[in-house]
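Enquirer: If you scroll down you'll find the structure; I have some questions about it.
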Amino acid sequence: MGIKKKDIVHKLASELDVALGEAENIYNVVIDEIIGKLGEGTNVKLSGFGSFQVVTRQPKLGRNPRTGDRLQIPKH
């Protein structure tokens, strides 16, 4: 099971000694900044954690796993 927003917010509140609402605001600002930069086409690198980039996938031929029918998966 992965980590949830709630867990991160509680950890922030505990480590920074702030209210849960303030910790959630901090979390939201960080996530919004990452999403905003990715939306602008900028890669985001967080040292010691990882990097994020938007990747465009070309169209391809796939299969519906339930029916086995072939289908075109569009560019995304």
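The values are calculated or read from the model by the stated rules, or taken from the named source; none is laboratory data. Quantities reported herein were computed from a predicted structural model and do not represent experimental measurements. Heads up: the accessible areas ignore ligands, DNA and RNA and are worked out on the full protein's heavy atoms, side chains in. Shrake-Rupley method; radii C 1.70, N 1.55, O 1.52, S 1.80 Å.
Enquirer: Among [x] 55, 30, 22; [y] 36, 22, 18; [z] 39, 30, 17, find the value of Cα extents along the principal axes in Å that was calculated from the structure presented, and write down its label.
Expert: Among [x] 55, 30, 22; [y] 36, 22, 18; [z] 39, 30, 17, the one calculated here is [x].
Enquirer: Angle between the Cα long axis of helix 5-16 and the longest principal axis of the chain, 0 to 90 degrees, nearest 10?
Expert: 30 degrees
Enquirer: Students often forget the sequence filter, so: which lysines lie under 20 Å Cα-Cα from Lys60 once same-chain residues fewer than 8 apart are removed?
Expert: Lys75
Enquirer: Something else now. Keeping all protein chains in place, calculate the accessible area per residue for the chain (probe 1.4 angstrom), answer in Å².
Expert: It amounts to 86 Å² per residue over the chain.
Enquirer: Quick one: angle between helix 20-39 and the longest Cα principal axis of the chain, in degrees between 0 and 90, rounded to 10, please.
Expert: Orientation of helix 20-39: about 40 degrees from the principal axis.
Enquirer: Carbon and sulfur atoms: what percent of the 1.4 Å accessible area of the range 1-65 do they account for?
Expert: 54 percent
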